[in-house]
1. Would you check which residues across region 220-276 are of a type in the set (Val, Ile, Thr) and either in a loop (DSSP other than H, G, I, E, B) or closer than 18 Å to Tyr99 by Cβ (or both) and list them?
2. Would you point out the residue of region 122-141, among those that are among the small types (Gly, Ala, Ser) and modelled with pLDDT of 90 or more, that is farthest from Gly71 (Cα to Cα)?
3. For Arg237, indicate whether it is within 30 Å of Lys51 (Cβ to Cβ) and within 17 Å of the chain's Cα centre (by Cα).
4. Restricting to region 92-128, name every residue that is part of a loop (DSSP other than H, G, I, E, B) and exposed (fewer than 15 other Cβ atoms within 10 Å of the Cβ).
5. Filter region 129-169 down to residues that are part of a loop (DSSP other than H, G, I, E, B) and not aliphatic (A, V, I, L, M), then give me how many there are.
6. Taking interchain pairs and intrachain pairs at least six residues apart, which have beta carbon atoms under 9 angstrom, with the first residue in region 199-212 and farther than 17 Å from Gly87 by Cβ and the second at pLDDT below 95 and of a type in the set (A, V, I, L, M)?
7. Could you tell me how many of the residues in region 170-204 are outside any strand (DSSP E or B) and in contact with a His (Cβ under 6 Å, 6 or more places away or on another chain)?
Amino acid sequence: MTNPSDPSGKARREFLRRLGGVAVACTGAAACSVAPQSGGPVAGPDPSPVKDYDWTKHHWAFGVDATKCIGCLRCVEACKTENDVPGDAHHFNTWIERYVYLEGETKARIDSHHDPVNIAASGSEKEFRFANRYQDAKVEKAFFVPKLCNQCTHPACVQVCPTGATYKSKDGVVLIDDKYCIGCQYCVQACPYGARYFNPTKGVTQKCYWCYHRITKGLRPACVEACPVGARIFGDRNDKQSPISLFIRNNRVQVLRPESGNEPNVFYVGIDKEVS
């Protein structure tokens, strides 16, 4: 793949040349490892990549209360602005899904704000809203579910990255070092949550980092700040009185796709079996 900002591919070829002695053994996207012949790991720097921040003292986690979410999409807009996410209706670090059960139906009807009907309702790919498509239907139950990167304890994306560009930080957040990403998109395929995408402008993969540049300075993620109803909860699990510690302790929480073995660190309340 060619980086649009480097059409000749010179920077990428230079990176591969410098990569040198790294022997990449791949038998498919699910079984790819990096074996440096000398000099140590390619990425995943130690100590913390953020100056004056000790990533060994924190254990970040995220909570979502689907019983509170109203689908206003302010979180999506805030995230796009804060994290330089492409401004179209098809690339998101975080997104919202709507689940609607109609009378007489046993399965939920699911749509998101990048659904063509919802895009048409907004009138622009840069504005986001849910179309009122069920106004004349008999709705038995409906709810919204915010989704984002689950920052897994055992992330599949890290396992398949051939260059070490994707790595798990000591505080629990899975990061991507753009300097080492070659845009192969193995991580996009490996993620069971659909939380990664290829950014054609930057020529690298991208996802939610829980606003790492903010949380390492004591701030909350932009989506948490923007939520008007407190449906998004964030904090440090090492602090037993933090918002996320209390959320997990005081609710019957669940994670998405526990059978994957990835051990997600986004905890939900108010969702049912249709949500995955």
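1. Matches in region 220-276: Val229, Val253, Val255, Val266, Val269, Ile271, Val275.
2. Here the residue is Ala137.
3. Spelling it out, it is not the case that Arg237 is within 30 Å of Lys51 (Cβ to Cβ) and within 17 Å of the chain's Cα centre (by Cα).
4. Glu103, Gly104, Glu105, Thr106, Lys107, Gly123, Ser124, Glu125, Lys126, Glu127
5. 20
6. Gly203/Met1; Tyr212/Val50
7. Total satisfying the criteria: 2.
To keep it simple, each residue is scored yes or no on (1) within 30 Å of Asp178 (Cβ to Cβ); (2) crowded, with 18+ Cβ neighbours inside 10 Å; (3) not aliphatic (A, V, I, L, M).
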| position | (1), (2), (3) |
| --- | --- |
| Trp210 | yes, yes, yes |
| Lys240 | no, no, yes |
| Asn251 | no, no, yes |
| Arg257 | yes, no, yes |
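The values are calculated or read from the model by the stated rules, or taken from the named source; none is laboratory data. The structure displayed is predicted, hence computed values, not measured ones. All Cβ positions, glycine included, derive from the backbone under ideal geometry; neighbour counts span all protein chains shown.
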